[in-house]
1. Please go through region 66-114 and pick out each residue that is among the β-branched types (Val, Ile, Thr) and either in a strand (DSSP E or B) or in contact with a His (Cβ under 8 Å, 6 or more places away or on another chain) (or both).
2. Select from region 320-341 the residues that are in contact with a Phe, Trp or Tyr (Cβ under 7 Å, 6 or more places away or on another chain) and not hydrophobic (A, V, I, L, M, F, W, C) and list them in ascending order.
3. If I filter region 40-74 down to residues being within 14 Å of THR385 (Cβ to Cβ) and of a type in the set (Phe, Trp, Tyr), which single residue comes out as farthest from the chain's Cα centre (by Cα)?
4. Checking the condition among the aliphatic types (A, V, I, L, M) and buried (at least 23 other Cβ atoms within 10 Å of the Cβ), which residue from ALA310, ALA330 passes?
5. Please tell me if ALA183 is surrounded by 18 or more Cβ atoms within 10 Å (Cβ to Cβ) and farther than 21 Å from PRO230 by Cα.
6. Return a yes/no flag: does region 436-456 have any residue that is part of a strand (DSSP E or B), within 28 Å of SER188 (Cα to Cα), in contact (Cβ under 8 Å) with a residue 40 or more places away in the chain and under 31 Å from the mean Cα position of the chain (by Cα).
7. Please determine whether any residue of region 287-303 is part of a strand (DSSP E or B) and acidic (Asp, Glu).
8. Scan ILE159, ILE178 and give me the residue that is under 28 Å from GLY112 (Cα atoms), of a type outside the set (D, E, K, R), crowded, with 20+ Cβ neighbours inside 10 Å and modelled with pLDDT of 95 or more.
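The values are calculated or read from the model by the stated rules, or taken from the named source; none is laboratory data. Source: prediction; values computed, not measured. Methodologically, a virtual Cβ is constructed for each residue, glycine included, from the backbone with ideal geometry; neighbour enumeration extends over all protein chains shown.
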Amino acid sequence: MMKLPHSSVFPFPPALAGVSASRSNGPRIFAVLLFLATPLTQAIQNPRENFCRRYAHQTTVIDDRLYIDGGYVNFDAFSQDHLNVPNTWLSFHDLHNLTTGTDSGWPQLNIGLKKDPQVVPTVAGGILWGDDVNKKFVVYGGEATQGLAQTYHLFSYDILYNSWSDLGPPTTPIPPNISSYGAGVSISQLGQGYYYGGWISNITMRGWTQPPTMSSNMYRYDYDANKLTPMNSPDRLGRAEGGMSWIPAGDNGLLVYLGGIVDRGNGTKSPQPMEKILVYDPQTNAWYTQTATGVIPQDRARFCMDAAWAPDRSSYNIYLWGGLSVGPNANVTAFNDVYLLTLPTFQWVKIFPGHQGNATYDYGHHSASCNMVMSRSQMMVIGGTYPGSDMCDLAQDIWAQHNIWTGGVNNTGEPPDDKYWASYNPNVSTNVVPIDVYRLVGGDKNGGATLLTPKNGYDSGNNTGTGLAALLARKPNFQNRTATRSIPCTQSCQPTSSIAPASSPSHSRLASGAIVGIAIGGTLALVLVLCAWWFLAKRHHERRGTNRQSQMTQVSAFSGSYNGSVPVTVVSPLSPQGPWPGAPQGYYPYPPPQPQSPIQLPPSEIGAQQISELAEQTPSSGNNKPWQRSGE
């Protein structure tokens, strides 16, 4: 895997030492300039101007900025080079500063934040514990994409001062087993973060000599004390690649875990059934298991999810998108669908595509991120990788942003607008319950649910005075948490402290001839680099133009198979190029099924006025026919 340089400063090659400007040295100088120009032209590529797709990154939202750290980036030549490039940029989407032009109305991407990858580790499959009170976040877990440090340290990013702090090794009685692709949450109201499960391997922690192993550990991180504490696990089974969300129920909120894979012991790995929901109570350090009903999703891992709730908290709704297929009987590699789990009734609801059956659209993704934004009225889905194709993200020109309205398009919550994918809108300050929920639980878009227990009752032991039923009936009131430092200013503040940059090599005194040669060579190198920069920018512009022309042709020729308006913002090659060597698939033991032959355009975000209802029926022929869960 190629490591892109993060700086335009490189060691000067010995070939230039003492070089003069004589004509006899011309070929030699030219060769050296090519040596210099190659990494520089590579460094020109970045996830803003050369974007194709991203995945396995960590995100958090603080003050209407959606921060993205780590993971992998594919640049716009991915279909030719197939490079999964470690994302060393720290970036954010400004939720109020929107794009203009052809692809207008989406949060701009800023990639200019400070991060020295030689100091702050670059990881994939970790978590950002966001603290919107103190305007910081902490990076935890994940697999190293550019080498492991000798000793694992926590790092914190200061949003006000655009600087990083080394917090040192985690303070625990026993050093933690660092894992990747676990599940976790940030709870700023409590000043806490949690992380459960994941894969322990020799790319997550130094000194691990066993095969990759699923962790059964649960950790709590206390923001103000910078302390990591082991907590109870639901059992001794290792789990990984599932999802976790926080809901404001119980005494201090509850954590809901679902999906992924589980190690049953003796090397037996299987899907964590999507109907078996694990609930953790931080107040009592206790776990509960509850069986869900409804339209249960196909077993999956590496999906993304986040939670919203009714204004009166009479229902809590967890939105789940996509994921990697882990069921041995599934006929797809990854999913392109949306489900909703509503609590306290523990009912699964399918909201895309259609409302019944297990059909999914083509171009399934996994390892994306989901973040609630704008008062939880919308869930921003970013990135994900297509395991069966080397095509770029359909939203390539807006950096793989996709938007789900949690209450239905335009936040109506009412028919006939029970549709969810649509363009982003920053001018929303409330969220509502979608019709697909209050049809089941009663009430209306503002809450007032009347069905408050599971359809088949609570599992054994949960319906007691101290059980899950009692917890879900309580609504905690959170005290305003006070910052532990002065918050005097905004992003314009100048840093007062930051991590010292990596030490530079000492410079020896140069002879005058070498200085002249370096000056001449440097000038020529600059000219060459500027020419290369112009050439790459021209090629990038031409490639975007070709993509847009292709997209318009494809949409025009194919719109008849999709029951809905298709905007010209979709970049959608209709034929995947097939699997590519080295596509990351994680540690899951099941061989992935063969990718499908696409026969439909995938979903896209379009204006509410353009949306027409998707066909409720599922395809009846070809590889897109719906599949059945075992026993159905």
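1. Kept after step one, since they are among the β-branched types (Val, Ile, Thr), are these residues of region 66-114: 68, 73, 85, 88, 99-100, 102, 111.
If the condition is that a residue be among the β-branched types (Val, Ile, Thr) and either in a strand (DSSP E or B) or in contact with a His (Cβ under 8 Å, 6 or more places away or on another chain) (or both), then ILE68, VAL73, VAL85, THR88 are the ones that fit.
2. GLY322, GLY323, SER325, PRO328, ASN331, ASN336, ASP337, TYR339
3. PHE51
4. On the way: ALA330 fails: buried (at least 23 other Cβ atoms within 10 Å of the Cβ).
So the residue among ALA310, ALA330 that is among the aliphatic types (A, V, I, L, M) and buried (at least 23 other Cβ atoms within 10 Å of the Cβ) is ALA310.
5. Details: surrounded by 18 or more Cβ atoms within 10 Å (Cβ to Cβ): yes; farther than 21 Å from PRO230 by Cα: no.
When the stated conditions are applied, ALA183 does not pass them.
6. Let us first name the residues in region 436-456 that are part of a strand (DSSP E or B), namely 444, 447.
From the residues that got through so far, the ones that are within 28 Å of SER188 (Cα to Cα) too are 447.
If we keep only those that are in contact (Cβ under 8 Å) with a residue 40 or more places away in the chain as well, we get 447.
Remaining after also requiring under 31 Å from the mean Cα position of the chain (by Cα): 447.
Within region 436-456, one or more residues are part of a strand (DSSP E or B), within 28 Å of SER188 (Cα to Cα), in contact (Cβ under 8 Å) with a residue 40 or more places away in the chain and under 31 Å from the mean Cα position of the chain (by Cα).
7. Within region 287-303, the subset part of a strand (DSSP E or B) is 287-291, 293-294, 300-301.
Pick out the ones that are also acidic (Asp, Glu) and you get none.
No, there is no match, as no residue in region 287-303 is part of a strand (DSSP E or B) and acidic (Asp, Glu).
8. Values: ILE178 fails: under 28 Å from GLY112 (Cα atoms).
So the residue among ILE159, ILE178 that is under 28 Å from GLY112 (Cα atoms), of a type outside the set (D, E, K, R), crowded, with 20+ Cβ neighbours inside 10 Å and modelled with pLDDT of 95 or more is ILE159.
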